[in-house]
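What follows is calculated from the coordinates using simple rules that are stated; it is not laboratory data. Everything numeric in this text was worked out from a predicted model, so none of it was measured. With ideal geometry, Cβ positions are generated from the backbone for all residues, glycine too; neighbour counts draw on all protein chains shown.
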Amino acid sequence: MRRLLIGVLVTVASATACTSPDGDTAADTGQSIVIGAGGEPDNLNPILGYAPDGASKIFDGLVSRDAQLNLVPGLAEEVPTASPDGLTWTATLRAGVEFSDGTALSAQDVVFTYKSVLDAKTNSTIASRFDALADVTAPDDRTVVFRLSHPYAPLVQQLTLGIVPRKAFDGVDVNSAPFNTAPIGTGPYTAAEWRKGERMVLKANEDYWGGAPAIKTVTVVFVPDDNARATRMAAGEFDGTVLPPKLAKSYTGKSGYRIVRNPSADYRGLGIPSELPFTSDPKVRRAINLALDRQAMVDTILAGAGNPAATPISPHLKDWYDPNASFAHDTAEAERLLDEAGWRRGTDGMRSRDGQVARLPILYPAPDVLRKELALAAAGDIAKLGIDAPAEATTFELMLQRQREAASVWGGGDPYDPDTAAYTLLHSRYAGQPGYLNMTLYRNPAVDAALDTGRRSLDPATRKQAYTDFQRAYTADPGWAFLVFLDHTYVLRDEWDGQAEQVEPHDHGLVHAVWWNLERWTPKP
Amino acid sequence: MTAVATARTRRRGRALGLLVLRRLAFAVPVVLLVGFALFVLAKASPFDPVERYFGLRIIGASPERVAQVRANWGVDQPVVEQYLAWLRHAVAGDFGDSLSLRQPVSQVIGERLGWSVLLVAVAFALALLLGLVLGTAAAWRQGGWLDRTITAVAYALEAAPVFWLGLAALYVFALELQWLPGGGLTDPDAALGVGQVARHLVLPVSVLALSHAPWYVLFVRQSLLESFTSDHVIGARSRGLPDHLVVSGHALRTSLLPFLTLLGARLPELITGALLVETVFSWPGIARATVDAALNVDFALLGALTVLATAVVLLGNLLADVLYAAADPRVGLDG
């Protein structure tokens, strides 16, 4: 009886599937794509924090980025430039752009977007990015003026934030507006349907100012579990998905599929407490950095999909990265530095100074398997120096509470500007402030000076020099032991042209990822 | 009907009405207390709602901005104050905004409740059907291979956790045999339709029903066996009535009464079962929202959902008692 019932249901279902009006053979011609994503956005409102770095599919920022992460004009006619004093940035809007509901884009919409982010009543998760922004005004319908409280070169990198239509928020609270799940933007796609926790359907915006996308329907299915995603990809449900390198391996050489490995600026690093007596000495922190076999971590834990890290600046950021800023794996030198610092091995092989034992607990958040493996590997390497380094599972909250006496495996990083990657993390201004800022209480005047120069100057050559200085000063006195930059691995059905490699930030669900430029993909002939 | 009988019926109707009123009056403090307990528990949780809200962006967020959101939400106020503020709004019908989903709570519940009710109602009906049919069959053939099989399977299923059943069903039917979809409401690229939903409903409903049916099966079997030895059944048997008539007409009927109480008592289990089943099968129902709300310390959503669940359980028990009283005149109505 049950089987009969199931049989009937299956028949009914397949019958409806065949007769549904849009159930044509779009999938065969590459006009639709099904993506299995690991992460789901909390909302689709740029004001609250959706896709602040662009590639949002539904919105456009004043600027956007090409494959090399160069800024290119978006809703602005040209990439905005600063006044000579660096305090005023002016953007002129592209003419004739419309939101998907047909209203014309005006400078007032841009002003509304940025002012709402700054508004204290808005629970925006990205407001900190605009701390330098004092005011936004619109002298006319196509001009937007940003006024800053101090010169801040990376501001232009933040203008990727999507612009929302002011009209959609008339008389509603931004924090719980219907817009947050059913948005209206100027972007290449519109959100047709979103069943939270399950899937989202995007439809091509045929009137897109940059040209209608060739892929007309994008279905994003949210499956947080890696194994579940791998199984559903194998069952043919998805055209593309993100997988850990080990799970993606089974697609090597499989016909009709491609494995794409994109570099990222997404680091995992060990924050070493500067206030713990043992690690307060720069020599000890340098010794720890030299003792770590980062290449082994990349090879075994990441299955080759990653790079060793020395600073928060990824080697893939060719404009900023200083090749000299790296740590060799040199245990002999590490031992020497520890001896020099007065931490000598006792008869049991463990180091101590004045009767005090060399001890550094290493914390990691319990549910995160990758961080656990990195913590264990780092603890193993550090223990070889005769340091008592127990690895302990805990939570982010407790990692923060024990920031003065234990090292923790943190993660972060973005590839857009060294300022956002390093400033709040390493500037002494943020040492000891509440929250996840300078978690290790790192204080280094040379690093502070370089970071301040890099942030305040507009001249690219000066900035380049500042960040080279920063990397030198930091590696001479490291406050962290940055471990690895992760690559993100994707499996893709080989049916589309137009993919371009872009260094990715941590976020690689619906936004960014290999489908960051999906609107420009075309079906393979 | 005689005048005496009518008067008795009326009196009983009034007593029943009083029972309902008394129970409803009692429900109010229970709901209030449960709501308060929830706020205390959420407050004691090691998770910080503001940190959860920021997610990854908490790294590098300036302390002033984080403090601002904290102030906007009033999360640092004493728990009693937060509870009272929530209560004031809730009484006025405003359950506030869900912090984790950035939507009004009423919208979150409205969008999801239907799917949960569908899942639970179908599963409940199926479990009931299985319980009655299999329980009767087992009792009828007590000691036979059918009885032994049904009883053994029922005990095994009773011991198996729901999520384990769900994962096992997922593995066998969705991954290995690929007969049925493994999750969601529809196929990834299909539109919402009756056929799609029905097909996706099969596994979650079966798992939920199978995890509950054993309690009903074993209960029906046990009470049938008891009633087989009672006078009216022996009497019916000795009058030479056909076996199936005795079982269905005499034995089953009298043994169904306590069954009503069991149904009421199992309701909370059904809700928690649905919570796990929805999680395993990516069913976009209210239970998934509950898990999210708990993980994100989403006070507004948690509060509304807890009140909803408490109300359902209280009402379910009340309904069982009323039906019981309506079906059996011997049952007292003293509460």
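Couple of notes before you dig in:
- Its DSSP H runs of at least 4 residues, each contributing -39,500 (n - 2.57), put the calculated 222 nm mean residue ellipticity of chain A at -7500 deg cm²/dmol, to the nearest 500.
- Within straight-line cross-link reach of A:LYS249, aspartates and glutamates at Cα separation under 20 Å, skipping those fewer than 8 residues along the same chain: A:ASP225, A:ASP226, A:GLU237, A:ASP239, A:ASP299, A:GLU373, A:ASP487, A:ASP494, A:GLU495, A:GLU501
- Rounded to 10°, Cα long-axis angle of helix A:2-19 versus longest principal axis of chain A: 70 degrees
- Quotient of the Cα radius of gyration of the stretch A:46-176 and 2.2 N^0.38 Å, N being its number of residues: 0.98.
- For the peptide B:198-210, the mean number of other protein chain Cβ atoms found within 10 angstrom of a residue's Cβ is 2.
- Across the stretch A:272-347, Cα-Cα distances exceeding 15 Å account for 64% of all pairs.
- Within the stretch B:1-72, all pairs of alpha-carbon atoms sorted by distance into 5 Å bins from zero give the percentages 3, 12, 11, 10, 9, 7, 7, 7, 6, 6, 5, 5, 4, 4, 2, 1, 0.
- In the calculated pair-distance distribution of the stretch A:313-365, the portion above 12 angstrom amounts to 75 percent of the Cα-Cα pairs.
- Rounded to 10°, Cα long-axis angle of helix B:194-228 versus longest principal axis of chain B: 40 degrees
- Considering only alpha-carbon pairs that sit under 8 angstrom and 6 or more positions apart, the relative contact order computed for the stretch A:46-176 is 33 percent.
- Reciprocal mean inverse distance between Cα atoms of the stretch A:308-430 - Kirkwood radius, Å: 16.6 Å
- Dividing the helix sum by the residues of chain B, where each DSSP H run of 4 or more adds -39500 (n - 2.57), gives a mean residue ellipticity at 222 nm of -24500 deg cm²/dmol.
- For residues of B:42-51, the mean tally of beta carbons on other chains within 10 Å: 2
- Measuring spread by the Cα atoms of the stretch A:417-525 yields a radius of gyration and Dmax of 18.7, 58 Å.
- √(5λ) per eigenvalue of the Cα gyration tensor, the stretch A:190-242, largest first, Å: 26, 13, 7
- Mean sequence separation of contacting Cα pairs (under 8 Å, at least six apart), scaled by the length of the stretch A:240-306, corresponds to a relative contact order of 28 percent.
- Relative contact order for chain A: 20 percent, from Cα pairs under 8 Å spaced at least 6 residues apart, divided by residue count.
- Rounded to 10°, Cα long-axis angle of helix A:445-456 versus longest principal axis of chain A: 20 degrees
- Only lysines eight or more places from A:LYS167 in sequence, or on another chain, were considered; those with a Cα closer than 16 Å are A:LYS115.
- Other protein chain C-beta atoms within 10 Å of residue C-beta, averaged over B:64-73: 5.
- Dimensions (Å) - the stretch A:267-486, Cα atoms, principal axes, largest first: 56, 36, 34
- If you take all other residues with their beta carbon under 15 Å from the beta carbon of A:THR143, and give Lys and Arg +1 and Asp and Glu -1, the sum is -3.
- Relative to its Kirkwood radius, the Cα radius of gyration of chain B gives an Rg/Rh of 1.06.
- Over all pairs of different C-alpha atoms in the protein assembly as shown, the reciprocal of the mean inverse distance, the Kirkwood hydrodynamic radius, equals 30.7 Å.
- Shown here: the stretch A:54-111, whose C-alpha atoms stretch 39, 29, 16 Å along the first, second and third principal axes, sorted largest to smallest.
- For the stretch B:1-30, trypsin sites (Lys or Arg not before Pro) are listed when DSSP marks them as loop and at most 13 other Cβ atoms sit within 10 Å of their Cβ; the list is empty.
- The packing ranking of peptides A:251-262, A:508-519, highest mean first, is A:508-519, A:251-262, where packing means the average number of other beta carbon atoms within 10 angstrom of each residue.
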